[in-house]
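Take a look at the structure set out below.
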Amino acid sequence: MPAYELLEDIVYPYMRLTSAERKVTTRQREEELARRLSEFFGSAVIGSAGGVTGINGDTVRRYRESRKSSGVSPATVKRELALASKSVNFAITEWDYPVSNPFRGRLISSKDRRAQRPPEPRILTQAESAKLIDACVPWLRDIVAFALHTGLRMAEILDLSWSQLQGDLITFAPEQQKANRHSVCAMGALALEVVARQPHSEMYVFHRGGRRISRWLVRDHWNKARERAGMPDLCFKCLRSTHGQRILDAGHGIEAVANQLRHADIRTTQRHYTKQPVDQMRVAVRGL
């Protein structure tokens, strides 16, 4: 079996070849992940060289423990190893490298997997939503309202162009979203109202003077708004969770939530949106 350097022959070529499919922020994140991998693996190989086997399961386990001992969370280590695993899979399927993937099934230890609990999303009430929107500066109000009424991520809203709007639908190309596939998202009456009052520009729906709004500017004003609203622990992703929960509360099934939020795997939706809140469980058992 031939040997290939993990970084120079597999990871870096994979990143260069697929960079056009990635957003700038994603490419920057992958560069940081690759840098972490190179610090440990260096010129280590996949396959066998001179009768010596390269990276194997034990090597991957040592990497996980090394990173965790330096204070890195298992989730971060998983993201780093996921880049290596994707790169090797790409080399096997696209370049016909005759190697096996030593990272497959080893991105996270069994112990850490059992210890992981999905973060509990904070679901805003209608009163809390109104209070939050009122606390925002005028140009941010429509962005927050649109997130609540569509479930779009911050980057998806800031990148949203007029060409993506098709009636009451928003279309996404693979490079425009996290799932990396074609999909659509529906807009209700309130979301359409938000769009209708946006001043037209050449490209972006939400803009300032025709230019794309920086996510750093949004985060700065978002942090101030949530403080004024008395919700300092609220993250922007909670707006997406609130939208998904409201679809369920309206009597629609988990499939509707998965389609609207564009989850690639419905298990992601089930993991986050099918838990019974504690108060509901208390009411249920008291009625027995």
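If the viscosity is 0.692 mPa s and the temperature 37 °C, what Stokes-Einstein diffusion coefficient in µm²/s follows for region 142-213 when Rh is the Kirkwood radius over Cα pairs?
Here the translational diffusion coefficient equals 267 µm²/s.
What is the set of long-range amide H partners of residue 5 at a cut-off below 5 Å, with H atoms built 1.01 Å from backbone N?
46
Using just the Cα positions, wrap region 126-276 in a convex hull and report its mean projected area in square nanometres, one decimal place.
Taking the Cα atoms of region 126-276, their convex hull projects to 9.1 nm² on average.
Based on DSSP H assignment, which helices of the chain show an axial Cα extent of at least 24 Å together with a mean Kyte-Doolittle hydropathy greater than or equal to 0.0?
The answer, listed by residue number, is 74-94.
Which semi-axes, in whole Å and largest first, does the equivalent ellipsoid of region 4-115 have when worked out from the alpha carbon gyration tensor as the square roots of 5 times its eigenvalues?
21, 19, 12
My understanding is that a pair violates if its Cα-Cα distance is over 24 Å; which of 78/178; 78/237; 178/224 do that in this structure?
Checking Cα-Cα distances, 178/224 exceed 24 Å.
How fast does region 1-61 diffuse by Stokes-Einstein, in µm²/s, taking the Kirkwood radius from C-alpha pairs at 20 °C and 1.002 mPa s?
170
Just so you know, all these numbers are worked out from the coordinates, no wet-lab data involved. The shown structure was predicted, so the numbers you read here are calculated from the model rather than taken from an experiment.
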